[in-house]
1. Would you confirm whether or not region 277-291 contains a residue that is closer than 24 Å to ALA361 by Cβ, assigned by TED's automatic domain parsing to the domain that holds GLY331 and in contact with a Lys or Arg (Cβ under 7 Å, 6 or more places away or on another chain)?
2. For region 253-293, what are the residues that are of a type in the set (Lys, Arg) and either more than 16 Å from ALA170 (Cα to Cα) or over 18 Å from the mean Cα position of the chain (by Cα) (or both)?
3. Among the residues of region 93-110, which ones are surrounded by 17 or more Cβ atoms within 10 Å (Cβ to Cβ) and out of contact with any Leu (no Cβ under 9 Å at 6 or more places or on another chain)?
4. Taking GLY275 as the residue in question, decide whether it is part of a loop (DSSP other than H, G, I, E, B) and over 26 Å from CYS428 (Cβ atoms).
5. Of the residues PHE4, PHE24, only one is over 17 Å from ALA78 (Cβ atoms) and part of a helix (DSSP H, G or I); which?
6. I need the full set of residues from region 321-333 which are assigned to a loop (DSSP other than H, G, I, E, B) and surrounded by fewer than 24 Cβ atoms within 10 Å (Cβ to Cβ), in order please.
7. State all residues of region 182-209 that are loosely packed, with under 14 Cβ neighbours inside 10 Å and either outside any loop (DSSP other than H, G, I, E, B) or in contact with a Lys or Arg (Cβ under 9 Å, 6 or more places away or on another chain) (or both); if no residue qualifies, say none.
8. Kindly provide the set of residues from region 77-102 that are among the aromatic types (Phe, Trp, Tyr) and either assigned to a loop (DSSP other than H, G, I, E, B) or closer than 13 Å to GLU370 by Cβ (or both), ordered by number.
Amino acid sequence: MINFLYVLAVLVLAGQALIGLAFFISCILEKEKRATLFAAFQLTGMLVPIALLLYVKQIGFFDTAAGVILLAAGLVLACGVVFLFCRKTGVNPRAIRGTRGYIEDHVERADERRQVFARNRSLPPGSEQYRAFYQNHPDLEAGDEKRRAKGGPLGQPGIVDRPHEVPNVAATFASLSIPIILSEPDKVKPRPHPLFQGKKSQLSPEEATTRIKGYSRKLGADLVGIARIDPLWIYSHRGEIFHENWQDWGKPIDVSHDFAIVFAQEMSLEMVGTGPHTPTVIESMRDYAKGAFIATQVASFIANLGYSATANHVRHYEALMVPLAVDAGLGEMGRLGYLMTKPYGPRIRLSAVTTNLELIADKPVDIGVEDFCRYCRKCADCCPSKSIPVEPDQTVVNGTLRWKLDAETCFDFWGKVGTDCDVCMRVCPWSHADTFPHRIIKFMVSRNRHARRIFQLLDDVFYGRRPKPKPAPSWAAH
C-alpha cells in the first residue's frame, strides 16, 4: 500500500512539474521575459517537493505510521485542489441562450450609416449623402469633420512608428486590396457556375452542415459555427460604399436567409503583441483578407449547390458579426466588445456567409467570459483612450445587457496613432498562445469561478498588470 501511495505521489508531483516545464517553455516561445523569469521560479518550486519526497523516502520516513498518514493526506489535498479548480461551478443561464439571453428591452436594428467606419469612409463632404446624413444627425457632424481634418488611421499624420511606417502601411494596404476585389456584387452574392445553372443539390441538413464546415476549415477557418439568424442583428440600412454604387446608400437591408455560417481566423500572437504599432494592423488586414477569401468561396460553393448565399466580410457587411458568432457558439462577447473564443480569446477576426441552405445550428456556449470580465478589467485599465468601461457590471444599451465600448473615442485614438491599436486584444489574459499549459488554464477558467479569480491574479504576476508591447519580427520592424 505504501509503495502504491508513494508511486502515485511521485506521478502527481512529476505531472505538475511537467506542466510547469511546459509553461516555462511556452513563455520563452512567446518571448515574454517577465513571465519566463517567474515561470523559472515556479518550476524550481515545483521541483523542490519532488526532491523532498525522494529524500524522505530514502530516510525511511514513509515506513512509519506518521509517514503513511502524511503521504495519504498530501494526495487527498492534491485531489481536493484539482477538484476545487476543475469542477463546473454552475452555468450562466444568459450565455447558453446566446444573444437572446442578454435582451432586456426593445432593440433597434443597427444602422450601418451611423457606424463610425462608414461615416469616415463613405460620406464625402459636399455630397448628397453627406447632407442627408448630417441633417438627421447634426450632433455627429462637428466631431466627424474634426476627425477627417486630422486624417484618420493608416499612415496619416501622428503615426506611432515614423519614419519606419511606410513599408508596414504598404503591406497593410496590400492585404486590404483582396477584400476590395472580393466585395464586388458578383463576388458577395455569387451566381452558380454555368455547369450548375438551374440545378439544386438535395442534401440533408446534416450532410450540408458537415460539408460546409469541412470545406470552411480546409480553406483556412480556425473556427466555424452556424447560427439561425436573428433579424435583430441585420443592419437596417446600407452605409458602406466601395464601388461607387451610391444608389445603394441608405437602402434598407433585407436578408431573407435563415442561417449564418460564421468563421473566425486566429491573429498571430507575435504581431498582435506589438500593438498599438503598425505590425498589428498588418495582421488585422491579413486576417480580414483571409476572412474575405473564405467567405466568398463558401458563398460560391453554396451557390453551386443551387442555393442563395451572401458573403459578409470587412468590405461588405449585412449583419453584425459578434452577435452572429455568439449565436453560432464560437464564444461570448467580452468587456472589450470583441468576441471572446476559448482557444484564442479576442485574438481573432470574423467573417460570415448567410444562406437559405438548410443547416444544423450550433448552440451558444458558456465559457465563463461574463464572470471573468466582470473582475478582470485589464483591457479597460490598459486602454489608451479609456474607451472600455471599467464598471464591474454591464448596463442596458439599446435593449441589450453589455459593456459598451465608446467607438468614437476608440476610433479617434486610431486616427492619432495611425493603426487599429489592438492594445486591449494584446493584454487580455485570454489572448495568450494556444499552447498546452494555456489550454489547461482555459479549460479550468471556462468551467470554474475559483480558477477565474486565481488565474486573473496570476496573470498580473507573470505578465504584469500593464504589459508592454513586444518587438516585431525583423521584416515588420517599427
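1. Among the residues of region 277-291, at least one is closer than 24 Å to ALA361 by Cβ, assigned by TED's automatic domain parsing to the domain that holds GLY331 and in contact with a Lys or Arg (Cβ under 7 Å, 6 or more places away or on another chain), which makes the answer yes.
2. LYS290
3. Correct list: ALA95, GLY98.
4. In short, no.
5. Within the list PHE4, PHE24, the selection yields PHE24.
6. GLY329
7. Within region 182-209, PRO185, ASP186, PRO194, LEU195, GLN197, GLU206, GLU207 qualify.
8. Passing the criteria: only TYR102.
The values are calculated or read from the model by the stated rules, or taken from the named source; none is laboratory data. These numbers come from a predicted model, not from an experiment. Cβ atoms come from the backbone with ideal geometry, glycine included; neighbour counts cover every protein chain shown.
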